[in-house]
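The values are calculated or read from the model by the stated rules, or taken from the named source; none is laboratory data. Quick caveat: nothing in here was measured; it's all calculated off a predicted structure. The area values use the complete protein model at the heavy-atom level, side chains included, leaving out ligands, DNA and RNA. Shrake-Rupley method; radii C 1.70, N 1.55, O 1.52, S 1.80 Å.
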Amino acid sequence: MAEGKLSASLFFFLLLLSFSVGTLRLVHAQKTWCVAKPSSSQATLLENINFSCSQVDCAILQKGGACYTPDNVINHASIAMNLYYQSKGRNNWNCQFKNSGLITVSDPSYGGCPYL
């Protein structure tokens, strides 16, 4: 009996909430990735690579690794920053990198380089 009252109370609360704040929507978790801002300086991106790779395994960026090519700073920074972001729980603050990171909902994987 108490379970039925609890369900009814919860339903009533949600109904009131929807009227008081507009349409109530359920939000589904969406996969996100962290990439480097194209406007970031090379020095900042190199700092991001060094920091990220000191915290996570960046072997995928080594010569012969799946994400080594293209061999440029912005590509390597994006992959390293994303590895860090994913490993820390995909929180917004884990993609700040002194305002040089962007969170995207589009999978940046390419060729044989999977962004996890």
* Taking the options K63, K31, name whichever one is open to solvent by less than 90 Å² (accessible area, probe 1.4 Å) and modelled with pLDDT of 95 or more. => K31
* From S40, S54, S109, S78, residue being over 27 Å from A29 (Cα atoms), of a type in the set (S, T, N, Q) and open to solvent by less than 60 Å² (accessible area, probe 1.4 Å) -> S40
